[in-house]
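Below: the structure, in structure tokens.
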Amino acid sequence: MRAEDILPDDRSHASFAGRTIRKGTVAAFLANARAATDPAVADDDRAAAYRQIVDAVPDLAALGLFAVMEVRDPALRRLIAAALPRD
């Protein structure tokens, strides 16, 4: 499967598991995860990355990201676990 099979180039969002998710959500999560775990990143920027990660967790869970991948960083893994939607 290719990216355009999931979300065509002319669309900026789609519905997954009842959630409207923007194109770029996974890429933004990865950028924020790198910033959150980089010791060279300023505390304010790290805090902003954490907030963005928490905000994205429900969408990423709806996509099934955490069902197939595990976050390596223990602190980031705990943050995500705490933000996961409860059934």
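None of the figures in this text is laboratory data; all of them are computed from the coordinates on show. Please read these numbers as outputs of a predicted model, since none were measured by experiment. Reconstructed Cβ throughout: ideal geometry from the backbone, glycine too, with neighbour counts over all protein chains shown.
The loop-placed trypsin sites (Lys or Arg not before Pro) in the stretch 1-49, going by DSSP, that have at most 13 neighbouring Cβ atoms within 10 Å of their Cβ come out as Arg2, Arg11.
Considering helices alone, the calculated mean residue ellipticity of the chain at 222 nm is -18000 deg cm²/dmol, with DSSP H runs of length four and up weighted by -39500 (n - 2.57) and normalised per residue. Loop-located chymotrypsin sites (Phe, Trp or Tyr not before Pro) in the chain (DSSP state not H, G, I, E or B) with no more than 16 neighbouring Cβ atoms inside 10 Å do not occur. Relative to the Cα centre, the charge distribution of the chain, modelled as +1 at Lys and Arg Cβ and -1 at Asp and Glu Cβ, gives a dipole magnitude of about 200 debye.
In the chain, the inverse of the mean reciprocal separation of distinct Cα atoms equals 13.8 Å; this is its Kirkwood hydrodynamic radius. How tilted is helix 74-83 with respect to the longest principal axis of the chain? Cα atoms for both, answer in degrees (0 to 90, nearest 10). Helix 74-83 sits at roughly 50 degrees to that axis.
Once label points are set 7 Å from the Cα along Cα→Cβ at both Gln52 and Ala75, what is their separation, rounded to one decimal in nm? Those two pseudo-labels are separated by 1.8 nm. Starting from the 7 Å offset along Cα-to-Cβ, what nm value, one decimal, do you get for the label separation of Met1 and Asp45? About 3.4 nm separates the two model spin labels.
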